[in-house]
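The values are calculated or read from the model by the stated rules, or taken from the named source; none is laboratory data. Not measured: the values here are computed from a predicted model. Here the Cβ positions follow ideal geometry from the backbone for every residue, glycine too, while neighbour counts run over all protein chains shown.
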Amino acid sequence: MPPSDPKPIIIAESVRKTYRSNDGRSHLALGGVSAEIGRGEVLVVFGPSGSGKSTFLRTLNALESIDSGRIVVDGVEISDPGADLNKLRSEVGMVFQLFNLFQHRTALDNVVLPQIVVHRRSKSEAVRRAHDLLGKVGIDDRAGHYPSQLSGGQQQRVAIARALAMDPKVMLFDEPTSALDPETVTGILDLMTELAAEGMTMAVVTHEMGFAREIANRMLFMDSGLIVEEGSPQQIFQMPRQERTKEFLKQIL
Amino acid sequence: MQHYLDVFIAILPFLWTGFVQTFWVSLVAIAAGSVLGFLIGVVRSQRIPFFHRLFGLYIHILRGTPFLVQLYVFYFVLPNTGIEALQWSSEMAAFVSLSVYTSSYVAEIIMAAIDAVPKGQWEAATALGFKRLSILALVVLPQALKLAVPPMSGVYVNIIKNTAILSVIGISELTRQGEISIMRFPRDVLFIYGVIALVYFVYCYPVLRFTRWAERKVGGTRVVNLD
(Lines give C-alpha, C1' and ligand atoms only; values in the text may rest on other atoms or scores of the structure.)
Protein backbone atom coordinates (compact mmCIF):
# COMPACT_ATOMS: atom_id res chain seq x y z
CA MET A 1 0.00 0.00 0.00
CA PRO A 2 1.43 3.40 -0.94
CA PRO A 3 2.18 5.65 2.04
CA SER A 4 -0.23 8.58 1.99
CA ASP A 5 2.19 11.03 3.59
CA PRO A 6 5.55 10.97 1.84
CA LYS A 7 7.42 12.05 5.00
CA PRO A 8 8.58 8.95 6.93
CA ILE A 9 7.23 8.57 10.45
CA ILE A 10 10.57 7.28 11.73
CA ILE A 11 13.99 8.30 10.45
CA ALA A 12 17.15 6.76 11.85
CA GLU A 13 20.51 8.14 10.75
CA SER A 14 23.88 6.56 11.44
CA VAL A 15 22.76 5.15 14.78
CA ARG A 16 25.64 3.76 16.80
CA LYS A 17 25.41 1.93 20.08
CA THR A 18 28.05 0.14 22.13
CA TYR A 19 27.33 -2.00 25.17
CA ARG A 20 29.94 -1.82 27.87
CA SER A 21 30.11 -4.54 30.48
CA ASN A 22 31.53 -4.07 33.96
CA ASP A 23 34.76 -5.88 33.18
CA GLY A 24 35.59 -3.14 30.66
CA ARG A 25 34.85 -5.08 27.52
CA SER A 26 32.62 -3.47 24.96
CA HIS A 27 30.41 -4.86 22.27
CA LEU A 28 29.36 -2.90 19.22
CA ALA A 29 25.61 -3.50 18.95
CA LEU A 30 24.85 -0.98 16.22
CA GLY A 31 27.60 0.24 13.93
CA GLY A 32 25.88 3.08 12.12
CA VAL A 33 22.39 2.07 11.12
CA SER A 34 20.28 4.26 8.86
CA ALA A 35 16.70 3.39 7.97
CA GLU A 36 13.30 4.94 7.45
CA ILE A 37 9.79 3.77 8.08
CA GLY A 38 7.12 5.36 5.94
CA ARG A 39 3.57 5.96 7.11
CA GLY A 40 1.41 2.89 6.64
CA GLU A 41 4.43 0.81 5.87
CA VAL A 42 5.23 -2.61 7.30
CA LEU A 43 8.96 -3.06 7.77
CA VAL A 44 10.34 -6.46 8.72
CA VAL A 45 13.80 -6.63 10.30
CA PHE A 46 15.51 -10.00 10.37
CA GLY A 47 18.92 -11.49 10.92
CA PRO A 48 20.89 -13.85 13.15
CA SER A 49 20.80 -13.44 16.92
CA GLY A 50 23.20 -10.79 18.11
CA SER A 51 22.87 -8.91 14.84
CA GLY A 52 21.47 -5.86 16.62
CA LYS A 53 17.94 -6.05 15.22
CA SER A 54 16.21 -5.95 18.61
CA THR A 55 18.57 -3.26 19.85
CA PHE A 56 17.77 -1.20 16.78
CA LEU A 57 14.04 -1.56 17.34
CA ARG A 58 14.44 -0.55 20.98
CA THR A 59 16.32 2.62 20.08
CA LEU A 60 13.28 3.77 18.09
CA ASN A 61 11.28 4.49 21.26
CA ALA A 62 14.38 5.34 23.30
CA LEU A 63 14.24 2.18 25.41
CA GLU A 64 17.92 2.03 24.50
CA SER A 65 20.04 5.15 24.46
CA ILE A 66 22.31 5.70 21.48
CA ASP A 67 25.94 6.81 21.38
CA SER A 68 25.68 8.85 18.21
CA GLY A 69 23.44 9.39 15.25
CA ARG A 70 19.93 10.74 15.05
CA ILE A 71 16.43 9.32 15.45
CA VAL A 72 13.40 11.37 14.45
CA VAL A 73 9.91 10.12 15.23
CA ASP A 74 7.03 12.02 13.68
CA GLY A 75 9.15 15.12 13.38
CA VAL A 76 10.52 15.00 16.93
CA GLU A 77 14.20 14.32 17.41
CA ILE A 78 14.31 11.88 20.29
CA SER A 79 18.04 11.99 20.85
CA ASP A 80 17.55 15.67 21.75
CA PRO A 81 17.94 15.94 25.55
CA GLY A 82 14.85 18.17 25.76
CA ALA A 83 12.56 15.72 23.98
CA ASP A 84 9.42 14.62 25.83
CA LEU A 85 10.19 10.92 25.78
CA ASN A 86 7.07 9.88 27.68
CA LYS A 87 4.83 11.55 25.13
CA LEU A 88 6.82 10.04 22.29
CA ARG A 89 6.63 6.56 23.80
CA SER A 90 2.88 6.79 24.24
CA GLU A 91 2.65 7.32 20.48
CA VAL A 92 4.88 4.36 19.66
CA GLY A 93 3.33 1.06 20.67
CA MET A 94 5.63 -1.79 21.58
CA VAL A 95 5.01 -5.52 21.82
CA PHE A 96 7.66 -7.66 23.51
CA GLN A 97 8.84 -11.22 23.06
CA LEU A 98 7.91 -12.05 26.66
CA PHE A 99 4.64 -10.02 26.65
CA ASN A 100 5.57 -8.12 29.84
CA LEU A 101 2.00 -7.81 31.06
CA PHE A 102 1.64 -6.27 34.51
CA GLN A 103 1.50 -9.41 36.60
CA HIS A 104 -0.54 -7.95 39.45
CA ARG A 105 -3.31 -6.68 37.19
CA THR A 106 -6.04 -8.48 35.26
CA ALA A 107 -6.07 -8.51 31.47
CA LEU A 108 -8.66 -5.73 31.51
CA ASP A 109 -6.67 -3.66 34.02
CA ASN A 110 -3.55 -4.06 31.90
CA VAL A 111 -5.35 -2.27 29.09
CA VAL A 112 -7.18 0.22 31.33
CA LEU A 113 -4.28 1.40 33.53
CA PRO A 114 -2.05 2.98 30.84
CA GLN A 115 -5.02 4.86 29.37
CA ILE A 116 -5.78 6.42 32.74
CA VAL A 117 -2.17 7.09 33.75
CA VAL A 118 -0.74 8.26 30.44
CA HIS A 119 -3.72 9.59 28.48
CA ARG A 120 -5.75 10.71 31.53
CA ARG A 121 -8.89 9.09 30.20
CA SER A 122 -11.79 8.60 32.56
CA LYS A 123 -12.17 5.19 34.11
CA SER A 124 -15.42 4.44 32.28
CA GLU A 125 -14.04 5.51 28.92
CA ALA A 126 -10.87 3.49 29.47
CA VAL A 127 -12.85 0.39 30.45
CA ARG A 128 -15.10 0.71 27.40
CA ARG A 129 -12.10 1.11 25.09
CA ALA A 130 -10.34 -1.83 26.79
CA HIS A 131 -13.33 -4.13 26.21
CA ASP A 132 -13.50 -3.03 22.58
CA LEU A 133 -9.83 -3.80 22.03
CA LEU A 134 -9.87 -7.08 23.95
CA GLY A 135 -12.82 -8.04 21.75
CA LYS A 136 -10.86 -7.03 18.67
CA VAL A 137 -7.93 -9.26 19.60
CA GLY A 138 -10.42 -12.01 20.44
CA ILE A 139 -9.92 -12.33 24.17
CA ASP A 140 -12.61 -10.25 25.90
CA ASP A 141 -13.96 -13.40 27.59
CA ARG A 142 -10.70 -13.55 29.57
CA ALA A 143 -10.83 -9.89 30.68
CA GLY A 144 -10.96 -10.76 34.39
CA HIS A 145 -8.03 -13.18 34.32
CA TYR A 146 -4.56 -12.47 35.62
CA PRO A 147 -1.62 -12.92 33.21
CA SER A 148 -0.50 -16.04 35.09
CA GLN A 149 -3.87 -17.61 34.24
CA LEU A 150 -3.47 -16.99 30.51
CA SER A 151 -1.53 -18.92 27.88
CA GLY A 152 1.36 -17.26 26.04
CA GLY A 153 -0.76 -16.57 22.98
CA GLN A 154 -3.53 -15.06 25.10
CA GLN A 155 -1.03 -12.88 26.97
CA GLN A 156 0.40 -11.61 23.70
CA ARG A 157 -3.10 -10.69 22.52
CA VAL A 158 -3.64 -8.69 25.70
CA ALA A 159 -0.25 -7.03 25.19
CA ILE A 160 -1.24 -6.02 21.66
CA ALA A 161 -4.56 -4.63 22.93
CA ARG A 162 -2.67 -2.70 25.62
CA ALA A 163 -0.36 -1.14 23.03
CA LEU A 164 -3.31 -0.29 20.74
CA ALA A 165 -5.15 1.39 23.62
CA MET A 166 -2.65 4.25 23.46
CA ASP A 167 -3.68 4.96 19.83
CA PRO A 168 -0.11 4.63 18.61
CA LYS A 169 1.03 6.08 15.30
CA VAL A 170 3.41 3.18 14.82
CA MET A 171 3.80 -0.24 16.41
CA LEU A 172 7.11 -1.96 17.14
CA PHE A 173 7.06 -5.75 17.47
CA ASP A 174 10.13 -7.33 19.05
CA GLU A 175 10.01 -11.02 18.13
CA PRO A 176 6.35 -11.24 19.15
CA THR A 177 6.00 -14.95 18.43
CA SER A 178 9.40 -16.29 19.50
CA ALA A 179 8.20 -17.35 22.96
CA LEU A 180 4.98 -18.96 21.76
CA ASP A 181 3.96 -22.55 21.12
CA PRO A 182 3.96 -23.30 17.40
CA GLU A 183 0.18 -23.70 17.26
CA THR A 184 -0.49 -20.26 18.75
CA VAL A 185 1.97 -18.45 16.48
CA THR A 186 -0.45 -18.39 13.56
CA GLY A 187 -3.14 -16.65 15.57
CA ILE A 188 -0.82 -13.81 16.55
CA LEU A 189 0.52 -13.46 13.01
CA ASP A 190 -3.04 -13.31 11.66
CA LEU A 191 -3.84 -10.57 14.14
CA MET A 192 -0.79 -8.61 13.02
CA THR A 193 -1.73 -9.10 9.38
CA GLU A 194 -5.16 -7.71 10.20
CA LEU A 195 -3.57 -4.66 11.85
CA ALA A 196 -1.36 -4.10 8.81
CA ALA A 197 -4.38 -4.34 6.55
CA GLU A 198 -6.06 -1.61 8.60
CA GLY A 199 -3.14 0.65 7.73
CA MET A 200 -1.13 0.46 10.94
CA THR A 201 2.51 1.40 10.50
CA MET A 202 4.61 -1.46 11.82
CA ALA A 203 8.23 -2.41 12.38
CA VAL A 204 8.56 -6.10 13.12
CA VAL A 205 11.60 -8.08 14.22
CA THR A 206 10.80 -11.69 13.42
CA HIS A 207 12.10 -15.02 12.17
CA GLU A 208 8.74 -15.87 10.57
CA MET A 209 9.75 -15.61 6.93
CA GLY A 210 6.43 -16.79 5.51
CA PHE A 211 4.70 -14.01 7.41
CA ALA A 212 7.32 -11.49 6.29
CA ARG A 213 6.85 -12.43 2.67
CA GLU A 214 3.11 -11.95 3.05
CA ILE A 215 2.88 -8.61 4.83
CA ALA A 216 6.19 -6.76 4.54
CA ASN A 217 6.47 -3.76 2.25
CA ARG A 218 10.16 -3.73 2.85
CA MET A 219 12.70 -5.92 4.63
CA LEU A 220 15.99 -5.20 6.34
CA PHE A 221 18.60 -7.88 6.84
CA MET A 222 20.97 -7.10 9.69
CA ASP A 223 24.20 -8.73 10.75
CA SER A 224 26.91 -7.64 13.21
CA GLY A 225 25.19 -4.36 13.98
CA LEU A 226 24.85 -3.30 10.35
CA ILE A 227 22.18 -3.36 7.69
CA VAL A 228 23.51 -5.79 5.14
CA GLU A 229 20.68 -5.65 2.68
CA GLU A 230 17.40 -3.86 2.20
CA GLY A 231 14.66 -4.54 -0.27
CA SER A 232 11.18 -5.77 -1.06
CA PRO A 233 10.30 -9.31 0.02
CA GLN A 234 10.42 -10.47 -3.60
CA GLN A 235 13.90 -9.12 -4.07
CA ILE A 236 15.18 -10.40 -0.71
CA PHE A 237 13.80 -13.91 -1.17
CA GLN A 238 14.32 -14.36 -4.90
CA MET A 239 17.45 -12.38 -5.72
CA PRO A 240 19.36 -11.49 -2.59
CA ARG A 241 22.34 -9.39 -3.62
CA GLN A 242 24.61 -10.07 -0.67
CA GLU A 243 26.37 -13.38 -0.05
CA ARG A 244 25.61 -13.10 3.69
CA THR A 245 21.87 -12.73 3.04
CA LYS A 246 21.84 -15.80 0.78
CA GLU A 247 23.69 -17.81 3.38
CA PHE A 248 21.32 -16.81 6.21
CA LEU A 249 18.18 -17.43 4.17
CA LYS A 250 19.49 -20.84 3.16
CA GLN A 251 19.93 -21.70 6.84
CA ILE A 252 16.49 -20.70 7.99
CA LEU A 253 14.22 -21.52 5.05
CA MET B 1 2.21 -28.01 91.48
CA GLN B 2 0.42 -25.67 93.89
CA HIS B 3 3.76 -23.92 94.39
CA TYR B 4 4.20 -23.16 90.68
CA LEU B 5 0.65 -21.90 90.46
CA ASP B 6 1.28 -19.55 93.41
CA VAL B 7 4.49 -18.26 91.83
CA PHE B 8 2.73 -17.81 88.51
CA ILE B 9 -0.09 -15.82 90.07
CA ALA B 10 2.39 -13.73 92.04
CA ILE B 11 4.45 -12.78 88.99
CA LEU B 12 1.51 -12.38 86.64
CA PRO B 13 1.16 -8.59 87.12
CA PHE B 14 4.89 -8.17 86.40
CA LEU B 15 4.68 -10.33 83.32
CA TRP B 16 1.70 -8.38 82.09
CA THR B 17 3.43 -5.02 82.55
CA GLY B 18 6.50 -6.44 80.85
CA PHE B 19 4.52 -7.84 77.98
CA VAL B 20 2.72 -4.54 77.40
CA GLN B 21 6.06 -2.72 77.30
CA THR B 22 7.56 -5.31 74.93
CA PHE B 23 4.49 -5.11 72.76
CA TRP B 24 4.62 -1.32 72.46
CA VAL B 25 8.31 -0.96 71.88
CA SER B 26 8.31 -3.70 69.25
CA LEU B 27 5.23 -2.23 67.56
CA VAL B 28 6.77 1.24 67.37
CA ALA B 29 10.08 -0.14 66.13
CA ILE B 30 8.37 -2.27 63.49
CA ALA B 31 6.12 0.56 62.30
CA ALA B 32 8.73 3.34 62.31
CA GLY B 33 11.50 1.03 61.11
CA SER B 34 9.37 -0.25 58.25
CA VAL B 35 8.44 3.22 57.03
CA LEU B 36 12.05 4.42 57.26
CA GLY B 37 13.40 1.21 55.75
CA PHE B 38 10.83 1.33 52.94
CA LEU B 39 11.88 4.85 51.96
CA ILE B 40 15.58 3.99 52.10
CA GLY B 41 15.03 0.78 50.14
CA VAL B 42 13.10 2.59 47.41
CA VAL B 43 15.73 5.32 47.13
CA ARG B 44 18.53 2.77 47.03
CA SER B 45 16.79 0.75 44.32
CA GLN B 46 16.98 3.78 42.03
CA ARG B 47 20.78 3.51 41.97
CA ILE B 48 21.44 7.24 42.19
CA PRO B 49 25.16 6.97 42.97
CA PHE B 50 25.42 9.45 45.87
CA PHE B 51 22.30 8.29 47.74
CA HIS B 52 22.92 4.64 46.94
CA ARG B 53 26.36 4.81 48.59
CA LEU B 54 25.23 6.98 51.49
CA PHE B 55 22.40 4.68 52.50
CA GLY B 56 24.56 1.66 51.70
CA LEU B 57 26.96 2.87 54.36
CA TYR B 58 24.07 3.41 56.81
CA ILE B 59 22.83 -0.14 56.23
CA HIS B 60 26.22 -1.80 56.43
CA ILE B 61 27.17 -0.03 59.64
CA LEU B 62 23.90 -1.06 61.26
CA ARG B 63 24.01 -4.63 60.03
CA GLY B 64 27.69 -5.05 60.74
CA THR B 65 27.58 -4.11 64.42
CA PRO B 66 25.80 -5.79 67.36
CA PHE B 67 22.49 -4.26 68.36
CA LEU B 68 23.72 -4.04 71.97
CA VAL B 69 26.55 -1.73 70.89
CA GLN B 70 24.15 0.41 68.89
CA LEU B 71 21.87 0.64 71.89
CA TYR B 72 24.75 1.85 74.07
CA VAL B 73 25.60 4.48 71.46
CA PHE B 74 22.02 5.75 71.41
CA TYR B 75 21.68 5.64 75.20
CA PHE B 76 25.10 6.71 76.50
CA VAL B 77 26.95 8.42 73.64
CA LEU B 78 24.36 10.51 71.80
CA PRO B 79 22.90 12.26 74.89
CA ASN B 80 26.47 13.23 75.81
CA THR B 81 26.97 15.17 72.61
CA GLY B 82 25.20 18.13 74.19
CA ILE B 83 22.70 18.40 71.36
CA GLU B 84 19.31 19.31 72.83
CA ALA B 85 17.28 16.97 70.63
CA LEU B 86 19.37 13.97 71.67
CA GLN B 87 18.83 14.40 75.42
CA TRP B 88 16.34 11.59 75.42
CA SER B 89 14.99 9.18 78.01
CA SER B 90 15.95 5.54 78.08
CA GLU B 91 12.59 4.74 76.53
CA MET B 92 13.15 7.14 73.65
CA ALA B 93 16.66 5.78 73.13
CA ALA B 94 15.15 2.30 72.96
CA PHE B 95 12.48 3.30 70.45
CA VAL B 96 14.89 5.15 68.20
CA SER B 97 17.71 2.61 68.25
CA LEU B 98 15.42 -0.33 67.60
CA SER B 99 13.61 1.52 64.80
CA VAL B 100 16.88 2.46 63.12
CA TYR B 101 18.11 -1.12 63.48
CA THR B 102 14.86 -2.41 61.95
CA SER B 103 15.08 0.04 59.06
CA SER B 104 18.43 -1.36 57.93
CA TYR B 105 16.97 -4.82 57.46
CA VAL B 106 13.73 -3.61 55.90
CA ALA B 107 15.66 -1.39 53.45
CA GLU B 108 17.68 -4.34 52.18
CA ILE B 109 14.58 -6.49 51.77
CA ILE B 110 12.69 -3.75 49.91
CA MET B 111 15.60 -3.07 47.57
CA ALA B 112 16.04 -6.78 46.86
CA ALA B 113 12.31 -7.14 46.23
CA ILE B 114 12.28 -4.18 43.82
CA ASP B 115 15.30 -5.63 42.01
CA ALA B 116 13.52 -8.97 41.78
CA VAL B 117 10.59 -7.55 39.79
CA PRO B 118 11.40 -8.53 36.18
CA LYS B 119 13.01 -5.80 34.08
CA GLY B 120 10.32 -6.34 31.47
CA GLN B 121 7.80 -4.72 33.80
CA TRP B 122 9.83 -1.50 33.78
CA GLU B 123 10.32 -1.73 30.03
CA ALA B 124 6.65 -2.29 29.25
CA ALA B 125 5.54 0.62 31.41
CA THR B 126 8.29 2.85 30.01
CA ALA B 127 7.32 1.94 26.45
CA LEU B 128 3.70 2.86 27.24
CA GLY B 129 4.80 6.34 28.32
CA PHE B 130 4.64 5.99 32.13
CA LYS B 131 6.78 8.37 34.14
CA ARG B 132 9.39 6.86 36.43
CA LEU B 133 7.41 7.56 39.61
CA SER B 134 4.21 6.11 38.13
CA ILE B 135 6.07 2.95 37.18
CA LEU B 136 7.41 2.63 40.70
CA ALA B 137 4.09 3.34 42.41
CA LEU B 138 1.68 1.52 40.10
CA VAL B 139 3.67 -1.31 38.55
CA VAL B 140 6.83 -2.21 40.45
CA LEU B 141 6.07 -1.58 44.13
CA PRO B 142 2.79 -3.54 44.23
CA GLN B 143 4.68 -6.54 42.90
CA ALA B 144 7.76 -5.94 45.04
CA LEU B 145 5.80 -5.69 48.29
CA LYS B 146 4.34 -9.09 47.61
CA LEU B 147 7.85 -10.51 47.31
CA ALA B 148 8.89 -8.70 50.50
CA VAL B 149 6.27 -10.26 52.77
CA PRO B 150 7.96 -13.58 53.60
CA PRO B 151 11.45 -12.22 54.48
CA MET B 152 9.82 -9.35 56.38
CA SER B 153 8.13 -11.74 58.81
CA GLY B 154 11.51 -13.11 59.83
CA VAL B 155 12.79 -9.60 60.53
CA TYR B 156 9.74 -8.69 62.60
CA VAL B 157 10.06 -11.76 64.79
CA ASN B 158 13.74 -10.96 65.25
CA ILE B 159 12.88 -7.41 66.34
CA ILE B 160 10.41 -8.70 68.90
CA LYS B 161 13.04 -11.03 70.33
CA ASN B 162 15.69 -8.30 70.30
CA THR B 163 13.55 -6.15 72.60
CA ALA B 164 14.89 -8.39 75.38
CA ILE B 165 18.24 -6.59 75.00
CA LEU B 166 16.52 -3.34 76.00
CA SER B 167 16.47 -4.64 79.58
CA VAL B 168 20.11 -3.56 79.94
CA ILE B 169 19.17 0.13 79.78
CA GLY B 170 16.38 -0.33 82.29
CA ILE B 171 13.38 -0.65 79.99
CA SER B 172 10.91 -2.65 82.05
CA GLU B 173 10.01 -5.03 79.26
CA LEU B 174 9.28 -8.70 79.60
CA THR B 175 12.81 -9.98 80.28
CA ARG B 176 13.50 -7.19 82.77
CA GLN B 177 10.25 -7.94 84.60
CA GLY B 178 11.27 -11.58 84.67
CA GLU B 179 14.57 -10.69 86.31
CA ILE B 180 12.69 -8.67 88.92
CA SER B 181 10.42 -11.65 89.54
CA ILE B 182 13.44 -13.92 89.94
CA MET B 183 14.75 -11.68 92.70
CA ARG B 184 11.55 -12.46 94.56
CA PHE B 185 11.55 -16.19 93.81
CA PRO B 186 15.25 -17.04 93.38
CA ARG B 187 14.64 -20.78 93.54
CA ASP B 188 12.27 -20.73 90.55
CA VAL B 189 14.67 -19.37 87.96
CA LEU B 190 14.00 -22.12 85.46
CA PHE B 191 10.23 -21.91 85.82
CA ILE B 192 10.11 -18.13 85.46
CA TYR B 193 12.40 -18.05 82.41
CA GLY B 194 10.29 -20.85 81.00
CA VAL B 195 7.13 -18.80 81.39
CA ILE B 196 8.83 -15.78 79.82
CA ALA B 197 10.03 -17.81 76.85
CA LEU B 198 6.49 -19.05 76.42
CA VAL B 199 5.12 -15.49 76.41
CA TYR B 200 7.62 -14.51 73.68
CA PHE B 201 6.57 -17.55 71.71
CA VAL B 202 2.88 -16.78 72.09
CA TYR B 203 3.59 -13.27 70.77
CA CYS B 204 5.88 -14.25 67.90
CA TYR B 205 4.01 -17.25 66.57
CA PRO B 206 0.91 -15.33 65.45
CA VAL B 207 3.22 -12.85 63.70
CA LEU B 208 4.63 -15.69 61.65
CA ARG B 209 1.14 -17.02 61.03
CA PHE B 210 -0.13 -13.57 60.09
CA THR B 211 2.60 -13.06 57.52
CA ARG B 212 1.92 -16.50 56.09
CA TRP B 213 -1.73 -15.48 55.76
CA ALA B 214 -0.85 -12.09 54.28
CA GLU B 215 1.48 -13.77 51.82
CA ARG B 216 -1.32 -16.00 50.62
CA LYS B 217 -3.67 -13.05 50.50
CA VAL B 218 -1.44 -10.87 48.34
CA GLY B 219 0.33 -13.65 46.47
CA GLY B 220 -2.57 -15.81 45.47
CA THR B 221 -4.02 -15.61 42.01
CA ARG B 222 -7.57 -14.42 42.30
CA VAL B 223 -10.07 -14.12 39.55
CA VAL B 224 -11.77 -10.77 39.92
CA ASN B 225 -14.57 -9.83 37.63
CA LEU B 226 -14.57 -6.10 37.10
CA ASP B 227 -17.85 -5.92 35.21
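Quickly run through the range A:55-71 and pick out the residues that are part of a strand (DSSP E or B), in contact with an Asp or Glu (Cβ under 8 Å, 6 or more places away or on another chain) and not charged (D, E, K, R).
Result: A:GLY69, A:ILE71.
Among A:ARG244, A:ARG162, A:ARG157, which is in contact with a Pro (Cβ under 8 Å, 6 or more places away or on another chain) and basic (Lys, Arg)?
A:ARG162
Would you point out the residue of the range A:110-151, among those that are more than 10 Å from every other protein chain (Cβ to nearest Cβ) and within 20 Å of B:GLN143 (Cα to Cα), that is nearest to the chain's Cα centre (by Cα)?
A:VAL111
Which residue out of A:LEU113, A:LEU133, A:LEU108 is assigned to a helix (DSSP H, G or I), over 28 Å from B:LEU145 (Cα atoms) and at pLDDT 95 or above?
A:LEU133
Of the numbered conditions (1) surrounded by fewer than 23 Cβ atoms within 10 Å (Cβ to Cβ); (2) polar (S, T, N, Q); (3) within 30 Å of B:TRP16 (Cβ to Cβ), B:GLN177 satisfies every one except a single condition; which is it?
Unmet condition: (1).
Can you name the residue in the range A:214-228 that is modelled with pLDDT of 95 or more and closer than 26 Å to A:LEU195 by Cβ and, of all such residues, is surrounded by the most Cβ atoms within 10 Å (Cβ to Cβ)?
A:MET222
Taking helices (runs of 4 or more DSSP H) that fall entirely within the range B:128-227, which contain at least 3 residues that are within 14 Å of chain A (Cβ to nearest Cβ) and either under 30 Å from A:ALA126 (Cα atoms) or modelled with pLDDT under 90 (or both)?
Ranges flagged: B:141-162, B:189-219.
Can you pull out every residue in the range A:84-105 that is at the interface with another protein chain (Cβ under 7 Å from one of its Cβ atoms), closer than 15 Å to A:LEU57 by Cβ and not in a helix (DSSP H, G or I)?
Correct list: A:MET94, A:PHE96, A:LEU98, A:ASN100.
For the list (1) surrounded by fewer than 24 Cβ atoms within 10 Å (Cβ to Cβ); (2) touching a residue at least 40 places away in the same chain (Cβ under 8 Å), I need the number of the one condition that B:MET111 fails.
In the conditions (1) surrounded by fewer than 24 Cβ atoms within 10 Å (Cβ to Cβ); (2) touching a residue at least 40 places away in the same chain (Cβ under 8 Å), B:MET111 misses (1) alone.
In the range A:64-83, how many residues are within 14 Å of chain B (Cβ to nearest Cβ) and either among the hydroxyl-bearing types (Ser, Thr, Tyr) or more than 14 Å from A:ALA12 (Cβ to Cβ) (or both)?
Number of matching residues: 2.
Do we find a residue being within 23 Å of B:PHE23 (Cα to Cα), surrounded by fewer than 22 Cβ atoms within 10 Å (Cβ to Cβ), away from chain A (no Cβ under 14 Å) and of a type in the set (Gly, Ala, Ser) anywhere in the range B:71-82?
The answer is no; no qualifying residue exists.
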